[in-house]
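What follows is one structure encoded as structure tokens, with my remarks underneath.
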Amino acid sequence: MLHPGDYIKDIFQKPVGAEVTARGWVKTIRHSKGISFIQLNDGSGFTDLQVVVDHQTASEEALKEISTGACISVTGELVESPAQGQAVELKGNSIEVHGLADAATYKLQKKGATMEFLREIAHLRPRSNTFGAVFRVRNAASYAIHKFFQERGFAWVHTPIITASDAEGAGAMFGVTTLDLMNPPKTQEGGIDWAEDFFGKRSFLTVSGQLEGEIFAEAMSNIYTFGPTFRAENSNTPRHLAEFWMVEPEMAFCDLDDDRRVAEEFLKYIITHVMDTRMDDLEFFNKRIDDTVLSTLETVVNSDFGHITYTEAVDILEKANKSWEFPVKWGVDLQSEHERYITEEVFKKPVVVTDYPKEIKAFYMRMNDDGKTVRAMDVLVPRIGEIIGGSQREERHAVLVEKIKAMGLPLEAYWWYLELRKYGSVPHAGFGLGLERMIMYLTGMKNIRDVIPFPRTPGSAEF
Ligand code: ATP
Ligand code: MN
């Protein structure tokens with residue numbers, strides 16, 4: 001049987017007097033005269049079930065073997081609770097112990113553990129209040145992402161993890177090889193002979209599914225990818241992972257204005273779904289992690305996103321009379337401090353910045369008539385800065401060829417990407433949302449390592 005008991009979240013919905021079996025892991029247990037109190041959680045919701053066991057039902061010695069971390073099932077009757085903050089509790093009539101947990105060595109003890117320490121015990125941290133809440137929110141957001149696109153007729157496309165094309169034309173990719181690194185085959189010139197490698201050419205872990213996504217948008221109209229992506233950027237920041245999950249919709253018959261509107265609707269949809277289904281967890285984050293979580297989420301849902309061009313943004317930043325760590329002038333990429341100033345202090349709500357200088361954006365973004373800017377957009381939100389990056393893609397064959405050449409990229413590598421512009425080309429656009437950035441936004445968690453089950457960062461791939 002899938003789950004022979006009841007999820008604790010469902011037990012809370014049952015009437016007093018119901019006979020139930022609760023299963024889960026012990027958060028705490030304490031004993032008083034003739035009676036023991038257990039806080040039990042099975043991860044189905046934030047609130048622990050209080051279990052009360054009479055020492056006539058189970059011997060005190062047996063109960064004292066049970067400690068924090070033990071896995072048990074309790075069958076009994078749901079009764080009204082005299083304790084504050086809970087309507088019902090479980091009066092246990094029988095206890096089954098599945099696995100004890102040695103109290104002297106169990107690493108997840110009740111309180112005060114730092115986030116850094118919890119990262120070292122990633123096999124146990126999902127049982128803590130904070131991480132249970134994080135991963136329920138992550139699950140709810142993931143469901144909302146699929147629901148949003150499926151309701152709108154988008155097809156989920158599984159783009160490859162291993163790729164031989166470098167989507168952005170930038171470095172920072174992980175190589176994939178089966179060659180013997182101690183003794184690789186060599187070319188005449190003395191370099192490594194990648195033709196001898198598993199795929200017959202140099203291959204990598206993908207940094208984005210976008211280019212392959214475009215193939216499918218030009219066949220199935222509206223598609224999205226949702227899967228792991230990899231970046232070997234050696235940046236040890238609280239916002240970057242080497243392995244993260246990205247959502248990338250790609251839409252045919254779509255320009256940048258449509259793209260911007262989809263991004264806005266999408267963010268609001270995810271937030272609304274998580275608020276509707278996981279308010280228990282969000283209230284915890286608001287109370288214990290960041291007391292602006294709920295108010296910011298409400299602001300986002302209830303406001304129309306702002307919209308300015310990059311040129312207007314630079315103008316605002318130059319007039320801001322602030323001493324920036326990274327000085328601003330037209331042509332430079334906006335840094336986190338600039339993005340946050342615009343969204344947090346100028347607009348006080350999410351803002352979409354569009355039409356960036358072509359030099360600082362990827363080759364595939366559609367050229368504007370000014371010849372200087374491209375149809376790029378970044379969605380900036382308070383507390384995070386950039387959460388989404390997207391663009392309208394260059395659909396004109398000749399313009400794209402020129403662009404690839406001008407950026408010094410090898411034309412041959414993009415042969416199929418260019419063919420899409422020769423056979424049935426159409427204006428199309430899309431964007432990428434980093435799932436972890438979204439979860440940070442939803443939870444107020446400060447470090448991206450604490451919103452993914454098993455973070456991969458420079459120097460760390462434990463578990
Ligand atoms: P940043 O400037 O923050 O490094 P980026 O410009 O490299 O972001 P894109 O290439 O546009 O980001 O990727 C799309 C989205 O993926 C970003 O908006 C962000 O949400 C997310 N993202 C990018 N790099 C990472 C990373 N290393 N770890 C986690 N999420 C990331
Ligand atoms: Mn980056």
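The values are calculated or read from the model by the stated rules, or taken from the named source; none is laboratory data. All values reported here derive from a predicted model rather than from experimental measurement. Ideal geometry is used to build each Cβ from the backbone, glycine not excepted, and the neighbour counts take in all protein chains shown.
Pairs only if they're at least six apart or on different chains, beta carbon under 8 angstrom, first in the stretch 312-328 and without any contact (Cβ under 8 Å) to a residue 60 or more places away in the chain and surrounded by fewer than 11 Cβ atoms within 10 Å (Cβ to Cβ), second part of a loop (DSSP other than H, G, I, E, B) and not aromatic (Phe, Trp, Tyr); list them, first residue then second.
Cβ pairs passing all conditions: 325/335.
Condition first: assigned to a helix (DSSP H, G or I) and β-branched (Val, Ile, Thr). Can you find one or more residues in the stretch 358-368 that meet it?
yes
May I ask you to list the residues in the stretch 90-108 that are polar (S, T, N, Q) and closer than 22 Å to residue 447 by Cα?
None - no residue of the stretch 90-108 is polar (S, T, N, Q) and closer than 22 Å to residue 447 by Cα, so the list stays empty.
When you go through (1) assigned to a loop (DSSP other than H, G, I, E, B); (2) more than 29 Å from residue 286 (Cβ to Cβ); (3) within 35 Å of the chain's Cα centre (by Cα) one by one for residue 46, which number turns out not to apply?
Result: residue 46 passes all but (2).
I'd like the full set of residues that are free of Cβ contacts under 8 Å to residues at least 24 places away in the same chain, of a type in the set (S, T, N, Q) and closer than 22 Å to residue 128 by Cβ, limited to the stretch 29-88.
Hit for the stretch 29-88 is 39, nothing else.
Please tell me if residue 246 is more than 16 Å from ligand 2 (Cβ to nearest atom) and out of contact with any Lys or Arg (no Cβ under 8 Å at 6 or more places or on another chain).
Against the criterion (more than 16 Å from ligand 2 (Cβ to nearest atom) and out of contact with any Lys or Arg (no Cβ under 8 Å at 6 or more places or on another chain)), residue 246 does not qualify.
For the stretch 398-406, state whether one or more residues are among the aliphatic types (A, V, I, L, M), touching a helix residue (DSSP H, G or I) at 6+ places or on another chain (Cβ under 7 Å), under 22 Å from residue 259 (Cα atoms) and more than 16 Å from ligand 1 (Cβ to nearest atom).
yes
Would you please name the residue that is nearest to ligand 2 (Cβ to nearest atom), looking only at residues in the stretch 183-219 that are in a loop (DSSP other than H, G, I, E, B), closer than 30 Å to residue 392 by Cα and hydroxyl-bearing (Ser, Thr, Tyr)?
Taking the stretch 183-219 as the starting set, the residues that turn out to be in a loop (DSSP other than H, G, I, E, B) are 183-185, 187-191, 193, 197-202, 206-209.
This time we only want the ones that are closer than 30 Å to residue 392 by Cα, so: 202, 206-209.
From the residues that got through so far, the ones that are hydroxyl-bearing (Ser, Thr, Tyr) too are 206, 208.
Details: 206: 14, 208: 11 Å.
Top of the filtered list is 208.
So residue 101 passes all but one of these: (1) without any contact (Cβ under 8 Å) to a residue 12 or more places away in the chain; (2) assigned to a loop (DSSP other than H, G, I, E, B); (3) touching a strand residue (DSSP E or B) at 6+ places or on another chain (Cβ under 9 Å). Which condition number does it fail?
For residue 101, the exception is condition (1).
Need pairs with beta-carbon distance below 7 Å; first residue farther than 14 Å from residue 428 by Cβ and touching a residue at least 24 places away in the same chain (Cβ under 8 Å) and within the stretch 219-235, second in a strand (DSSP E or B) and away from ligand 1 (no atom under 12 Å from the Cβ); sequence gap 6+ or separate chains.
226/156; 230/205
Yes/no matrix, rows are residues, columns are (1) touching a Gly at 6+ places or on another chain (Cβ under 8 Å); (2) touching a residue at least 60 places away in the same chain (Cβ under 8 Å):
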site: 370; (1), (2): no, no
site: 375; (1), (2): no, yes
site: 384; (1), (2): no, yes
site: 387; (1), (2): yes, yes
site: 390; (1), (2): yes, yes
site: 413; (1), (2): no, yes
site: 428; (1), (2): no, yes
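Select from the stretch 400-457 the residues that are charged (D, E, K, R) and under 22 Å from residue 269 (Cα atoms) and write down the one among them that is farthest from the chain's Cα centre (by Cα).
Among those that are charged (D, E, K, R) and under 22 Å from residue 269 (Cα atoms), it is 437.
Being within 27 Å of the chain's Cα centre (by Cα) and assigned to a loop (DSSP other than H, G, I, E, B) is the filter here, so list the residues in the stretch 312-347 that pass it.
Passing the criteria: 333, 334, 335.
Kindly indicate the residue of the stretch 165-179 that is within 16 Å of ligand 1 (Cβ to nearest atom) and modelled with pLDDT of 90 or more and also surrounded by the fewest Cβ atoms within 10 Å (Cβ to Cβ) among those meeting that condition. Steps first, please.
Of all residues in the stretch 165-179, those within 16 Å of ligand 1 (Cβ to nearest atom) come to 165-174.
Filter once more, keeping what is modelled with pLDDT of 90 or more: 173-174.
Values: 173: 20, 174: 14.
Among residues in the stretch 165-179 that are within 16 Å of ligand 1 (Cβ to nearest atom) and modelled with pLDDT of 90 or more, the one surrounded by the fewest Cβ atoms within 10 Å (Cβ to Cβ) is 174.
Out of the residues in the stretch 369-416 that are touching a strand residue (DSSP E or B) at 6+ places or on another chain (Cβ under 7 Å) and part of a loop (DSSP other than H, G, I, E, B), which is nearest to ligand 2 (Cβ to nearest atom)?
The residue in question is 394.
Can you confirm whether the stretch 147-156 contains a residue that is of a type outside the set (Asp, Glu), more than 27 Å from the chain's Cα centre (by Cα) and outside any loop (DSSP other than H, G, I, E, B)? Steps first, please.
Step one: list which residues in the stretch 147-156 are of a type outside the set (Asp, Glu), which gives 147-150, 152-156.
When the remaining residues are screened for being more than 27 Å from the chain's Cα centre (by Cα), the result is none.
Looking for residues that are of a type outside the set (Asp, Glu), more than 27 Å from the chain's Cα centre (by Cα) and outside any loop (DSSP other than H, G, I, E, B), one finds none in the stretch 147-156, hence no.
Return yes or no: is residue 142 farther than 30 Å from residue 297 by Cβ, surrounded by fewer than 21 Cβ atoms within 10 Å (Cβ to Cβ), small (Gly, Ala, Ser) and in contact with a Leu (Cβ under 8 Å, 6 or more places away or on another chain)?
Judged against the criteria, residue 142 is not a match.
Taking the stretch 279-303 as the region of interest, how many residues are more than 21 Å from residue 263 (Cα to Cα) and either without any contact (Cβ under 8 Å) to a residue 12 or more places away in the chain or loosely packed, with under 15 Cβ neighbours inside 10 Å (or both)?
Qualifying residue count for the region: 7.
Please determine whether any residue of the stretch 63-72 is of a type in the set (A, V, I, L, M), in contact with a strand residue (DSSP E or B) (Cβ under 8 Å, 6 or more places away or on another chain), part of a helix (DSSP H, G or I) and more than 22 Å from residue 14 (Cα to Cα).
So far as the stretch 63-72 goes, yes, one or more of its residues are of a type in the set (A, V, I, L, M), in contact with a strand residue (DSSP E or B) (Cβ under 8 Å, 6 or more places away or on another chain), part of a helix (DSSP H, G or I) and more than 22 Å from residue 14 (Cα to Cα).
Assess whether residue 231 counts as being more than 15 Å from ligand 2 (Cβ to nearest atom) and closer than 30 Å to residue 448 by Cβ.
So residue 231 does not fit the description; no.
Might you check whether a residue that is surrounded by fewer than 18 Cβ atoms within 10 Å (Cβ to Cβ), over 30 Å from residue 287 (Cα atoms) and within 16 Å of ligand 2 (Cβ to nearest atom) occurs anywhere in the stretch 417-424?
No, every residue in the stretch 417-424 fails to be surrounded by fewer than 18 Cβ atoms within 10 Å (Cβ to Cβ), over 30 Å from residue 287 (Cα atoms) and within 16 Å of ligand 2 (Cβ to nearest atom).
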